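Asks: Handing you a structure now.
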Amino acid sequence: MQAIRVEALTKTFRVRRKEKGMRGSIKAILRPQTEEIRAVHGVSFEVEEGEMLAFIGPNGAGKSTKIMMLTGIIDPAGGRVEVLGIDPTKKRRQLAYQIGTVFGQKEQLWTHLTPYDNFRFFGAIYDIPDEEMEHRIGELAERFELHEFINTPVRNLSLGQRIRCEIVASLIHRPKVLFLDEPTIGLDPVVKEQIRNLIRQMNREYNTTIFLTSHDVGDIEKLCKRIIIVNDGQIVLDDSMEHLKYHYLHKKIVEVKMQEETKLPQVAGITVLKQKGSHARLEVDTGAVEIGDALRQINVENMEDINISNVPLENIIMEIYRAKDRQQAKSAVEPVG
């Protein structure tokens, strides 16, 4: 069964255009010039029930606009949207009972209330009977390990604790589709992994469809089996996570501080991005050399500090663009027949 279905979706916005030499003039105020911005252009995709999809792209790519159309916040200019067989533009209230949202950068909890009081509040909004509400709060508090701070005002919680409570609040009414927008932003690595485990557990136990947007490669790599990359309002790539890993997620950034300045080796799979004194920044292609072998080549005994991270998502997206451009250029020059 399809949880989400999008066909030829389009959305444009009319915004005020800045005119040179007219700043502050009466004409600019009374007759502002506008231009049409295309945020979404002919987008089509489907998401199966229980699927965990990563929907990513650079800032300004149109991700948030698409989510707002999927949840019924704004109407599309053209095309068709169905979430759980419901048209969000016509039955937004009905759809609200079936979906949940978590925004890592926006709070939906009342900070002066405790998590428990917030859960009761959201349960009342969704018309959940008292007895059933208490059962759900108890069940979710147990699974998400909230008992230590469930009666502490939200404003006194750590960011990781608050995000866990945000997720629980979005699950009180047992939604069939959950939209997660940067759910691990600002969290330390340990808490990030806890949140990811909770999302996986939620998907496994409730068969919740997950629609994830994130700039964190770790979120995408560890949670999703499919990825859609968008840019300039269009889909650039719709592929499996396995294929993306093989072609694009095999590089790591290694930052090292050495006890003394050392000449770094010229080894296949290791690219020195920057070196200044005893500090160095390298890119390691794990398809050519394993991280452990790469560190031994650099000389582990001389290392004072080390940090290993994923290549920024923006770099991966740019590499995908370049690959598609090369493919199109090759097709253009190949002889026909």
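Asks: Answer with yes or no whether E166 is under 15 Å from K106 (Cα atoms), open to solvent by less than 40 Å² (accessible area, probe 1.4 Å), charged (D, E, K, R) and under 15 Å from the mean Cα position of the chain (by Cα).
Replies: Taking the combined requirement at face value, the residue does not satisfy it.
Asks: A further question on this structure: All but one of (1) part of a helix (DSSP H, G or I); (2) at pLDDT 90 or above; (3) in contact with a Pro (Cβ under 9 Å, 6 or more places away or on another chain) hold for I167; state the number of the condition that does not hold.
Replies: So the condition that I167 fails would be (2).
Asks: In this structure, does G100 turn out to be under 24 Å from the mean Cα position of the chain (by Cα) and closer than 22 Å to G42 by Cβ?
Replies: no
Asks: Evaluate the stretch 236-248: report whether one residue or more is outside any loop (DSSP other than H, G, I, E, B), among the basic types (K, R) and in contact with a strand residue (DSSP E or B) (Cβ under 6 Å, 6 or more places away or on another chain).
Replies: Within the stretch 236-248, none of the residues are outside any loop (DSSP other than H, G, I, E, B), among the basic types (K, R) and in contact with a strand residue (DSSP E or B) (Cβ under 6 Å, 6 or more places away or on another chain).
Asks: Find the residue count for the stretch 217-260, including only residues that are among the polar types (S, T, N, Q) and surrounded by 16 or more Cβ atoms within 10 Å (Cβ to Cβ).
Replies: Summing the residues that are among the polar types (S, T, N, Q) and surrounded by 16 or more Cβ atoms within 10 Å (Cβ to Cβ) in the stretch 217-260 gives 1.
Asks: Taking the condition of being part of a strand (DSSP E or B) and crowded, with 21+ Cβ neighbours inside 10 Å, how many residues in the stretch 170-197 meet it?
Replies: 4
Asks: Residue under question is G277, and the condition is that it be in contact with a strand residue (DSSP E or B) (Cβ under 8 Å, 6 or more places away or on another chain) and on the phi > 0 side of the Ramachandran plot; does it hold?
Replies: No: the conditions fail for G277.
Asks: Any residue at all in the stretch 203-216 that's closer than 25 Å to R143 by Cβ, under 13 Å from the mean Cα position of the chain (by Cα), among the charged types (D, E, K, R) and open to solvent by less than 20 Å² (accessible area, probe 1.4 Å)?
Replies: So far as the stretch 203-216 goes, no, none of its residues is closer than 25 Å to R143 by Cβ, under 13 Å from the mean Cα position of the chain (by Cα), among the charged types (D, E, K, R) and open to solvent by less than 20 Å² (accessible area, probe 1.4 Å).
Asks: Considering each residue of the stretch 194-204, count those that are farther than 13 Å from L53 by Cα and touching a helix residue (DSSP H, G or I) at 6+ places or on another chain (Cβ under 8 Å), and give that number.
Replies: Looking only at that region, the number is 6.
Asks: I210 passes all but one of (1) touching a residue at least 24 places away in the same chain (Cβ under 8 Å); (2) more than 28 Å from H41 (Cα to Cα); (3) of a type in the set (A, V, I, L, M, F, W, C); which number fails?
Replies: (2)
Asks: For the stretch 283-320, how many residues meet the condition of being part of a helix (DSSP H, G or I) and either open to solvent by 70 Å² or more (accessible area, probe 1.4 Å) or not charged (D, E, K, R) (or both)?
Replies: Summing the residues that are part of a helix (DSSP H, G or I) and either open to solvent by 70 Å² or more (accessible area, probe 1.4 Å) or not charged (D, E, K, R) (or both) in the stretch 283-320 gives 17.
The values are calculated or read from the model by the stated rules, or taken from the named source; none is laboratory data. The structure presented is a predicted model; accordingly, all values stated were derived computationally and were not measured. Positions of Cβ are backbone-derived with ideal geometry, glycine not excepted, and every protein chain shown enters the neighbour counts. Just so you know, the surface numbers come from the protein's heavy atoms only, side chains and all, with ligands and any DNA or RNA stripped out. Shrake-Rupley method; radii C 1.70, N 1.55, O 1.52, S 1.80 Å.
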